[in-house]
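Only the coordinates and a few stated rules stand behind these numbers; no lab work does. Remember, predicted model here, so these are calculated numbers, not experimental data. For neighbour counting, all protein chains shown are included, and Cβ atoms are generated from backbone atoms with ideal geometry for every residue, glycine included.
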Amino acid sequence: MTSFFTVEEMADLLLKLKITHKIFLHEGLKVVADKLVDTAKKEISHYQTAIGPFPDWEDLKQSTVDEKEKLGYAPPDNPLLRTGEMRDSIKSNVVDLTIYFGCTDPKSVNHEFGTSKMEMRPFIGPAAFRNIAFIKKVIRKASYEGLKSAGRTINAAFKEKV
């Protein structure tokens, strides 16, 4: 004999499905966040090409190269890299279904957007643009796996009722 789900049982099942899907998406976002951090860190120390709305990086001014050389930063013509502190402050965090990604070094804002005296050398925004295909692939797969797992939960629940 087949019995039907009560309203409470159906609500519980739907909640489990939502949570299962969300867990898979959250894990996918953590993979994306790690990739964004890795890419942004690699943007630093060599000249970047334009992508999306972000321009090519201009060559360092000779005065900047000379100052870096004088201070012992070698090689001196490595944009945005002196001590590595700014690069190492690039971080991400995934909370719920949101990625928080950026750089905690206060100098990064000037580099990302430029100033009246300094050309912009963005590395956070371009990291996202360089990974659009990767992001879509990971989120698509995480969503599919979450829904597939949720489907197994539904099948198991219905088999218990039969």
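Computed quantities for the displayed model
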{"item": "Subset of segment 100-122 [assigned to a loop (DSSP other than H, G, I, E, B) and either of a type in the set (S, T, N, Q) or touching a Gly at 6+ places or on another chain (Cβ under 9 Å) (or both)]", "result": "104, 115, 116, 120, 121, 122"}
{"item": "Count - residues of segment 27-71 that are in a loop (DSSP other than H, G, I, E, B) and without any contact (Cβ under 8 Å) to a residue 12 or more places away in the chain", "result": "5"}
{"item": "So residue 24, is it surrounded by 14 or more Cβ atoms within 10 Å (Cβ to Cβ), in contact with a Gly (Cβ under 6 Å, 6 or more places away or on another chain) and either more than 15 Å from residue 119 (Cα to Cα) or free of Cβ contacts under 8 Å to residues at least 60 places away in the same chain (or both)", "result": "yes"}
{"item": "Residues being touching a residue at least 60 places away in the same chain (Cβ under 8 Å), in a helix (DSSP H, G or I) and either small (Gly, Ala, Ser) or closer than 13 Å to residue 40 by Cβ (or both) - total across segment 127-146", "result": "7"}
{"item": "Of residues in segment 35-51 being farther than 18 Å from residue 85 by Cα and not β-branched (Val, Ile, Thr), the one surrounded by the fewest Cβ atoms within 10 Å (Cβ to Cβ)", "result": "50"}
{"item": "Residue that is farthest from the chain's Cα centre (by Cα), among those in segment 113-152 that are surrounded by 14 or more Cβ atoms within 10 Å (Cβ to Cβ) and hydroxyl-bearing (Ser, Thr, Tyr)", "result": "149"}
{"item": "Residue check, residue 9 over 16 Å from the mean Cα position of the chain (by Cα) and of a type in the set (Asp, Glu)", "result": "yes"}
{"item": "Residues of segment 72-99 satisfying the condition of being in a helix (DSSP H, G or I) and crowded, with 16+ Cβ neighbours inside 10 Å", "result": "86, 87"}
